[in-house]
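> Below you'll find the structure I mean.
The values are calculated or read from the model by the stated rules, or taken from the named source; none is laboratory data. It should be emphasised that the depicted structure is a prediction, and the values quoted were computed from it without experimental measurement. Neighbour counts run over all protein chains shown; Cβ positions are idealised from the backbone, glycine included. What goes into the accessible areas is simple: the full protein's heavy atoms, side chains included, and nothing from ligands, DNA or RNA. Shrake-Rupley method; radii C 1.70, N 1.55, O 1.52, S 1.80 Å.
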Amino acid sequence: MSYRVKIRVQVWKFYARLGPQDRRAVKRALLQLAGERGDIRSLRDRLEGYYRLRVGTYRVIFRYLEGRIIECVYMNDRALIYDVFESELHRIITE
């Protein structure tokens with residue numbers, strides 16, 4: 001049974017800035033995420049409860065919600081994502 005994937009505004013905005021090839025790769029990865037397929041890892045420490053989806057040099061941070069929903073909450077380059085996401089976590093949760 002698959003999940004419904006909900007995508008937050010920051011992820012859409014980041015996605016819109018990508019080139020065509022990267023957009024296709026991200027779209028394909030998000031479609032696969034609905035079936036829990038892809039390079040998925042759980043995050044630890046202060047980011048426990050969140051997961052990351054690797055898409056080339058990009059990472060999508062997501063979490064599972066009730067009702068079989070996967071919420072993609074943040075996307076950025078691999079080199080930046082964890083530090084930036086951790087500092088933005090409070091704002092993201094309250095949106």
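> Taking only pairs six or more apart or across chains, which ones have beta-carbon atoms under 6 Å, a first residue in the range 48-69 that is without any contact (Cβ under 8 Å) to a residue 24 or more places away in the chain, and a second residue that is hydroxyl-bearing (S, T, Y) and open to solvent by less than 60 Å² (accessible area, probe 1.4 Å)?
Close Cβ pairs satisfying both conditions: R63/Y50.
> Okay, next question. Within the range 38-53, restricting attention to residues that are within 11 Å of the chain's Cα centre (by Cα) and of a type in the set (A, V, I, L, M, F, W, C), which residue is surrounded by the most Cβ atoms within 10 Å (Cβ to Cβ)?
In this case the residue turns out to be L53.
> Ok, one more. Which count do you get for residues in the range 1-37 that are open to solvent by 50 Å² or more (accessible area, probe 1.4 Å) and in contact with a helix residue (DSSP H, G or I) (Cβ under 7 Å, 6 or more places away or on another chain)?
Qualifying residue count for the region: 1.
> I've got another one for you. With the structure loaded, tell me whether E86 is of a type outside the set (S, T, Y), open to solvent by 50 Å² or more (accessible area, probe 1.4 Å) and touching a Leu at 6+ places or on another chain (Cβ under 8 Å) or whether it fails that test.
yes
Yes or no, residue by residue, for (1) under 13 Å from the mean Cα position of the chain (by Cα); (2) modelled with pLDDT of 95 or more; (3) loosely packed, with under 13 Cβ neighbours inside 10 Å; (4) not polar (S, T, N, Q):
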site: V55; (1), (2), (3), (4): yes, yes, no, yes
site: F62; (1), (2), (3), (4): yes, yes, no, yes
site: L65; (1), (2), (3), (4): no, yes, yes, yes
site: R68; (1), (2), (3), (4): no, yes, yes, yes
site: C72; (1), (2), (3), (4): yes, yes, no, yes
site: R78; (1), (2), (3), (4): yes, no, no, yes
site: Y82; (1), (2), (3), (4): yes, no, no, yes
site: I92; (1), (2), (3), (4): yes, no, no, yes
